[in-house]
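These notes are about the structure you will find just below.
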Amino acid sequence: MKVSIITINRNNLQGLKMTYESIAAQSFSDKEWIVVDGDSTDGDREFIEQHASEIAWWCSEPDKGVYNAQNKGIVHARGEWMIFMNSGDIFHDKNVLESVFAQEHSADILYGDWVRVYEDGGEEKINAPERLSLHYIYQKNICHQAIFVKSAVLKASPYDESYKVLADWAKWIELMLKKYTFEYLSLTVCDFSVGGLSSGTAQALTELEILRKKEFPPALIETIETLEKTGYDDKDTKDIWKLVRQRNTYRRIIHAAVRLCRLIEKIRS
């Protein structure tokens with residue numbers, strides 16, 4: 001199996017249908033679809049059951065968040081590569097997979113461009129950098145729907161479930177520090193729906209995660225910028241990891257704030 005497409009879904013039947021149609025339309029056949037549903041109640045399970053013959057593995061059960069669900073999919077993926085195309089997200093056109101796998105790739109991670117689709121129907125094309133650096137990743141992110149990762153990489157090191165929003169961002173930093181290789185694909189991989197986390201606790205959680213991102217020790221970004229120019233050795237990597245581990249202090253603060261937000265929302269309801 002060349003590629004596993006993993007879809008995370010919860011109470012988004014219309015989005016799930018869109019994603020299904022996009023995957024089914026792909027001209028590339030050496031693929032499998034995995035669906036991890038978070039115990040939906042709006043007809044999603046029934047839709048999944050209707051298409052069970054087209055799904056390599058699926059479940060519909062409670063989970064502990066997006067990255068817990070994604071890790072479930074990782075366990076069951078059989079493809080050499082995997083990509084996460086969550087409900088509402090679609091491949092940019094029917095030839096994406098065929099274009100990507102028309103040739104063999106030696107890199108560990110492949111990434112391309114993407115289109116942000118906003119709730120009001122607006123669109124924004126995002127061009128990924130041809131050379132991906134730690135500095136770029138620190139300042140920004142790569143849409144995970146536009147990334148193909150070798151399955152062996154994620155099976156050996158799944159997503160950190162203590163993150164609720166930015167585990168993919170943390171994962172790319174981790175993989176770059178561990179010297180995994182990245183290759184730019186000169187094509188638009190996906191149309192990514194923006195707006196899933198739009199209000200209430202979800203919005204507060206997003207903002208708090210972004211705050212944590214900005215609160216990395218200043219020495220970390222300075223070290224990254226220097227090493228981008230001078231290269232790496234084993235001592236450099238160890239020193240960076242010491243700085244990264246300092247984020248645990250911020251993590252405890254953020255988790256306390258998130259619990260407070262949830263309590264306030266519960267009281268209000």
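The values are calculated or read from the model by the stated rules, or taken from the named source; none is laboratory data. Quantities reported herein were computed from a predicted structural model and do not represent experimental measurements. Virtual Cβ from ideal backbone geometry, glycine too; neighbours counted across all protein chains shown.
Residues Ile23, Ile48, Ile5: which one is touching a helix residue (DSSP H, G or I) at 6+ places or on another chain (Cβ under 6 Å), closer than 21 Å to Asn71 by Cα and in contact (Cβ under 8 Å) with a residue 12 or more places away in the chain? Give the derivation first.
Values: Ile23 fails: touching a helix residue (DSSP H, G or I) at 6+ places or on another chain (Cβ under 6 Å); Ile48 fails: touching a helix residue (DSSP H, G or I) at 6+ places or on another chain (Cβ under 6 Å).
Ile5 is the lone residue from the list that is touching a helix residue (DSSP H, G or I) at 6+ places or on another chain (Cβ under 6 Å), closer than 21 Å to Asn71 by Cα and in contact (Cβ under 8 Å) with a residue 12 or more places away in the chain.
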Check your understanding: Would you pick out the residues in the range 74-103 that are of a type in the set (D, E, K, R) and under 16 Å from Lys150 (Cβ atoms)?
Key -> Arg78, Glu80
Exercise for review: Among residues belonging to the range 166-205 that are of a type in the set (Val, Ile, Thr) and modelled with pLDDT of 90 or more, point out the one that is farthest from Ile142 (Cα to Cα).
Suggested key: Thr181
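Considering only residues that are touching a residue at least 40 places away in the same chain (Cβ under 8 Å) and more than 22 Å from Leu175 (Cβ to Cβ), which ones fall in the range 98-117? Walk me through it before giving the result.
Residues of the range 98-117 that are touching a residue at least 40 places away in the same chain (Cβ under 8 Å), as a first pass: 98-101, 105-117.
Residues satisfying the conditions are Glu98, Ser99, Val115, Arg116, Val117.
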Practice item. Can you confirm whether the range 9-24 contains a residue that is in contact with a Phe, Trp or Tyr (Cβ under 7 Å, 6 or more places away or on another chain) and not in a helix (DSSP H, G or I)? Key: no
Exercise for review: Would you point out the residue of the range 52-74, among those that are more than 18 Å from the chain's Cα centre (by Cα) and closer than 18 Å to Asn11 by Cβ, that is surrounded by the fewest Cβ atoms within 10 Å (Cβ to Cβ)?
Suggested key: Pro62
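In the range 75-99, what residues are outside any loop (DSSP other than H, G, I, E, B) and surrounded by fewer than 21 Cβ atoms within 10 Å (Cβ to Cβ)? Before the answer, list the steps.
In the first step, residues of the range 75-99 are kept if they are outside any loop (DSSP other than H, G, I, E, B); the result is 75-76, 81-84, 90-91, 96-99.
Those that are outside any loop (DSSP other than H, G, I, E, B) and surrounded by fewer than 21 Cβ atoms within 10 Å (Cβ to Cβ): Val75, His76, Glu98, Ser99.
Got a sec? Which of Ile90, Ile126, Ile83 is in contact with a Lys or Arg (Cβ under 9 Å, 6 or more places away or on another chain) and in contact (Cβ under 8 Å) with a residue 12 or more places away in the chain? Please lay out each step first, then the result.
Details: Ile90 fails: in contact with a Lys or Arg (Cβ under 9 Å, 6 or more places away or on another chain); Ile83 fails: in contact with a Lys or Arg (Cβ under 9 Å, 6 or more places away or on another chain).
Within the list Ile90, Ile126, Ile83, the selection yields Ile126.
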Check your understanding: Taking helices (runs of 4 or more DSSP H) that do not extend beyond the range 131-181, which have at least 1 residues that are under 22 Å from Val100 (Cα atoms), touching a Phe, Trp or Tyr at 6+ places or on another chain (Cβ under 9 Å) and assigned by TED's automatic domain parsing to the domain that holds Ile8?
Key -> 151-156, 167-177
